[in-house]
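Here's the structure we're looking at; comments come further down.
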Amino acid sequence: MKSLSPALASLANVFRVPMSMAPARPSVSRVCHETLNRQQQKPGPVTAALQSASFSTTGAMAKRKSGGSTTDKRITMIRYFLHHPLTPRPLRFSRNRYLRHWTIHRAWQLFQAQQRRKQELELMRQYQSMQEACEELRTGAGDGGKLFRVSMNKKGIFTDMFPIEYARMQTETPPAEGWNYDWKKPERK
Amino acid sequence: MAAREPSRFLSRALPRASVPSIRPQGFLSRRNVSDEAPSRRLSDHLSELESASSLSTPVPDSAAQSFDPVARAKARKTQLPRGRYQFRSPKYDRGPLHPHQPPPASDPSSRLFVPGPFSAPRAEQTYDATVAADIMSLCYVHTPPGFTPPPKAPRLREWDDSSPYHKNRVLRGPRGGDVLRLLRKPIKFNNIPEIERITIHSYVNKAATENSSWLHVAGIAVQAISNVRVETFKSKTSVANWGIVPGRDSVAVKAELYGENMYHFLGKLVDVVLPRIKDWEGVKGTSGDSSGNITFGMEPENVALFPEIEVNYDMYPPKMIPGCHITLHTSARTDKDARLLLSAMGIPFYGKIVN
């Protein structure tokens, strides 16, 4: 058994990582490995010669003409992983650790609520300033509301749908040339 | 007093962290251009840390002498439960009058508690940062203060009293069909359309005609691409060609995605999968249930393009990878608004647009 540092060992204890060499239940990689090995038994010349002797690893049912189970090994594995019942156990803490966990949890919820509130207020601010600008155009511009009427005309903006060029998920490092000034609205087929 | 001394593990671990390593960029051996991005730069994060340890702060003598946990515990009128005590949420609902009630689902001890979200998906950040505000300003219609729109005709029509039998009859449905469409309210800052959930549904007819392995492979493929446990469904209708009897055969799997899972899935769909589909024009313009939910289908070879399936492609029987229907449920009340939102998120539409 490999010796771990005390910090790692306590972490392993907390997360229930099995430390012994023989794991309690077969690990994913071991199951995959074994099943795949069983699937592709391509004997080399030496093993082929050995197998032509009286000893065989073929199962008795598989040897029969009617055949045993011919299920694809991959399907067997998919069923294993789909149905295996182990889910992580619920968190079990002592009083102090539970309190710590609860504090962090509440702080995170509070932080998220604040973020949502901030987002909502920002949208409200934008909406109200749009409203004020339009009202100012309508009454205070002094041109009988002509500018207002022009600004309310929705011709030529994407009220129907956005062009696909608009839909670009934001990145941390946008391209050096971020805006294509020569872009024209493509003709609809 | 042991509590006042720094732990021996801590003292051993602290200098290790401050040893200058060969790679100053942290634990990754690969360097990317994006590592230089302001939010990823390690030095900024390190400068936020306090250099002084709070453990070395001297405790005043008065505090140390008044610290007597045993006396404090004894002075309590009712004793606390023991330190290892766990509140266990009841397994079964025994009604509102039972003394053992489950905590709210947001409580970590609840059986319904789901921790997270643990990441900020890119699609969600894009929506919050640009798409929401853009949709709001595109759909803005100015109404002067004090303006009230004229009342519309009632959606359910009265019967003309031409017959005495019309008395006390239920009202007539709208013209042209009995479906009452959803009411569309003007889009303001508090009802900007957003994506509420995504449903991935896959109907596997071979699960009934052949064997259950088709359903299992479909289930694990959908689970892999969605990160959500799937539900299976039995057929409701009988299909004579496939020999499907209602209520007998499990033929469909469905996964419902919310929140973080949903935005990650949408991001993968828009950035990775859809651009690689050959000769795909987009979602049909006639798709939609006229109340803001848009559905499109994916062929099996396109489902195999999802990165989770692609990296592990050999572990799926290639013929059994399922196709699926993906429904994007939005909070928009009409298909037009839903398409506006989805096109802003990067889903192309083609053909005749029907609203």
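Residue-wise test of (1) modelled with pLDDT under 90; (2) in contact with a strand residue (DSSP E or B) (Cβ under 8 Å, 6 or more places away or on another chain); (3) away from every other protein chain (no Cβ under 13 Å); (4) over 23 Å from B:P115 (Cα atoms).
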position	(1), (2), (3), (4)
A:S94	yes, no, no, no
A:Q112	no, no, no, no
A:Q131	no, no, no, yes
A:E136	no, no, no, yes
Check your understanding: Of the residues B:G267, B:G297, B:G285, which single one is at pLDDT below 95 and not β-branched (V, I, T)?
Key -> B:G285
Review point. Looking only at region B:210-248, which residues are within 22 Å of B:Y313 (Cβ to Cβ) and aromatic (F, W, Y)?
Key: B:W214
Point to revise | Residue tally, condition crowded, with 22+ Cβ neighbours inside 10 Å and more than 12 Å from every other protein chain (Cβ to nearest Cβ), over region B:327-355 | key: 3
Review point. Which of (1) assigned to a loop (DSSP other than H, G, I, E, B); (2) on the phi < 0 side of the Ramachandran plot does B:H264 not meet, given it meets every other one?
Key: (1)
Review point. Within the bounds of region B:138-160, is there any residue that is more than 14 Å from chain A (Cβ to nearest Cβ), part of a loop (DSSP other than H, G, I, E, B) and in contact with a strand residue (DSSP E or B) (Cβ under 7 Å, 6 or more places away or on another chain)?
Key: yes
Exercise for review: Scan region B:330-354 for residues that are closer than 20 Å to B:T130 by Cα, touching a residue at least 40 places away in the same chain (Cβ under 8 Å) and not in a loop (DSSP other than H, G, I, E, B) and jot them down.
Suggested key: B:T330, B:D337, B:A338, B:R339, B:L340, B:L341, B:L342, B:A344, B:M345
Check your understanding: Within region B:282-315, can you find the residues that are among the small types (G, A, S), within 21 Å of the chain's Cα centre (by Cα) and farther than 19 Å from B:D271 by Cα?
Key -> B:G288, B:S291, B:G292
Exercise for review: Kindly check whether there is at least one residue in region A:167-187 that is within 28 Å of B:Y350 (Cβ to Cβ), within 11 Å of chain B (Cβ to nearest Cβ), assigned to a loop (DSSP other than H, G, I, E, B) and in contact (Cβ under 8 Å) with a residue 12 or more places away in the chain.
Suggested key: no
Point to revise | Residues satisfying the stated conditions in region B:97-125, i.e. hydroxyl-bearing (S, T, Y), within 9 Å of another protein chain (Cβ to nearest Cβ) and out of contact with any Lys or Arg (no Cβ under 8 Å at 6 or more places or on another chain) | key: B:S106
Review point. Of the numbered conditions (1) in contact (Cβ under 8 Å) with a residue 24 or more places away in the chain; (2) over 30 Å from B:K152 (Cα atoms); (3) buried (at least 18 other Cβ atoms within 10 Å of the Cβ), B:P193 satisfies every one except a single condition; which is it?
Key: (2)
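The values are calculated or read from the model by the stated rules, or taken from the named source; none is laboratory data. Given the structure is predicted, the values throughout are model-derived calculations rather than measurements. Cβ: placed from backbone, ideal geometry, glycine included. Neighbour counts: every protein chain shown.
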